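These notes are about the structure you will find just below.
The values are calculated or read from the model by the stated rules, or taken from the named source; none is laboratory data. These figures come from a predicted structure and were not determined experimentally. Cβ placement follows ideal geometry from the backbone for every residue including glycine, while neighbour counts extend to all protein chains displayed. To get the accessible areas, we keep the full protein, side chains included, count just its heavy atoms, and leave off ligands, DNA and RNA. Shrake-Rupley method; radii C 1.70, N 1.55, O 1.52, S 1.80 Å.
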Amino acid sequence: LQDQFDNLEKHTQWGIDVLEKYIKFVKERTEIELSYAKQLRNLSKKYQPKKNSKEEEEYRYTSTKAFLATLNEMNDYAGQHEVISENMTSLITGELTRYVQELKQERKSHFHDGRKAQQHIETCWKQLEASKRRFERDCKEADRAQQYFEKMDADINVTKADVEKARQQAQLRHQMAEDSKAEYSSTLQKFNSEQHDHYYTHIPNIFQKIQDMEERRIVRIGESMKTFADVDRQVIPIIGKCLDEITKAAESIDHKNDSQLVIEAFKSGFEPPGDIDFEDYTQPMKRTVSESSLSNSRGDGKSEPKFGGKSKGKLWPFIKKNKGAGPEDFSNLPPEQRRKKLQQKVDELNKDIQKEMDQRDALTKMKDVYIKNPQMGDAASVDHRLAELAQNIEKLRLEVQKFEGWLAEVEGRLPMRTEQARRQSGLYEAQNTSAVNSCAQDRESPDGSYTEEQSQETEMKVPATDFDDEFDDEEPLPTIGTCKALYTFEGQNEGTISVAEGEMLYVIEEDKGDGWTRIRRNEDEEGYVPTSYVEVYLDKNAKGA
């Protein structure tokens, strides 16, 4: 290939173009993987249930739980496609891009050396041609000088001096021809040596380097194609697990369980209507309408309604729900649905009470710290907020007792209510149930509602809770954990305690939001330290924790 220098240059450039084309192909593949992963994530997010919505309640069925699991697995499935994109970018695109730059520099160097060797041999050839032409010219000049000398020597009319001059000129030309011959011979030998080195040493070495470079390029693109497949193969087990989890979720669907959930969600608690009595129109006497007839819904109201007078005489499978906001006691609902709504309301109110009491306890503790350490804050600044919290707690307690009274009424009327099926309503339900039940029997009005006096009397019967004695210092507080002092603290103010860095102490009261933690060193030494100065380890089994 010593005479195919230009073709090799074109071929190696084509090889680099192929490599760049493959890099572009892999880059577009990574973009497709990222786009696909993004679309899968958006699809999964689109069908996720919205928090605190009716749609979230629907996901208690096994079929919808399986669908939710499928959405979560699709999110993980999308993550694997992102992994494919990241690995291809780092292992193929990035590596090959750097390699192409190195390859271009190496190719440029090799062909520069080749062109330099080619220019050198061409220069030697030009020198040989010049020497040859000079030798040829000098030989012709010597022949002409010799012929002129012979002509002058044969002419009898030419003087002896002219003949001698022609002889000397012929000898000079012959000498120049001999010198040109020697130079031409030397140049020829040098050129042959250079040409031999060029075609058998320099050019083969350069072509060998170009061949090695081209073979490395071919091997490199093959390795990249193998990596291309391996990147996909590495995520196949994880994708398989995602698909297995989807299959497992599908197999967990229990149609019987879903049917039972529907029954529990929508059962009304009504008894099926009884037989309609025969009304004899042939008798002149006043017809008596049976208690179970359809016309009882328009009666004079003298008979006692069975379920609060809300559904008497209706064909219960076709009861229509009232549109718009219903009454506060949910008396527009069937008994079972009404019980669930009332229980839910009681639980929500108890949670609100607990939040208010937590805020009150934190503010009370902060006020206590301010009283003992006036420089830390004004104790009177929290009195207004404490009064608001006390009013809020009282209002919420009255609401709880009112709804618990209605709940007691419904639970007392529902047949076959087992103890296991009764839901607990938190701290206040356990304290107020007996008082509410007694009031529910004494204060029930003819329409099934309760008077305000009942709620007030019930409120007076609520026993004091443990929160009222939270700050009672007559008995020592129990230990709820330990703590380690991160820094030294000099407790110079009243109510604080000094600690040394690294010291281990007992925690008897954790931070309630005021920035102070109550600790104990021994039975006689206890006080507050800044929460940021200690690392707390709470005992999960402790009552305070």
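Taking the charge dipole of the range 335-411 about its Cα centre, with +1 at Lys and Arg Cβ atoms and -1 at Asp and Glu Cβ atoms, the residue from Q343, A362, Q375 reaching farthest to the positive side is Q343. The D212 and A69 beta-carbon pair, evaluated with R₀ = 56 Å, returns a calculated FRET efficiency of approximately 0.50.
In the distance distribution for the range 335-411, Cα-Cα pairs more than 15 Å apart total 61 percent.
Across the accessible surface of the range 335-411, with the other protein chains kept in place and a 1.4 Å probe, carbon and sulfur atoms take up 53 percent. Treat every Asp and Glu Cβ in the range 4-258 as -1 and every Lys and Arg Cβ as +1, leave all other atoms uncharged, and give the resulting dipole magnitude about the Cα centre to the nearest 20 debye. Its charge dipole is roughly 480 debye. Extension gain for Q39-Q127 works out to 24.4 nm (0.36 nm per residue, less the C-alpha to C-alpha distance). Distance between the pseudo-spin-label points of Q13 and V83 (7 Å out from Cα toward the beta carbon): 4.4 nm. Extension gain, T479 to Y148: 0.36 nm times the residue separation minus the Cα-Cα distance gives 105.4 nm.
Within the accessible area of the range 481-538, the carbon and sulfur atoms contribute 43%, probe 1.4 Å, all protein chains present. As an equivalent ellipsoid, the range 4-258 spans semi-axes of 92, 14, 9 angstrom, where each value is the square root of five times an eigenvalue of the C-alpha gyration tensor, largest first. Note that the range 481-538 presents 55 Å² accessible area per residue, ligands and nucleic acids not counted, probe 1.4 Å.
Please work out whether the range 481-538 counts as rounded, prolate or oblate from its C-alpha gyration tensor, where a ≥ b ≥ c are the square roots of the eigenvalues and a/c under 1.5 means rounded, while otherwise a/b larger than b/c means prolate and anything else oblate? Rounded. Modelled label positions at Q391 and I221, each set 7 Å beyond Cα in the direction of Cβ, lie 8.3 nm from each other.
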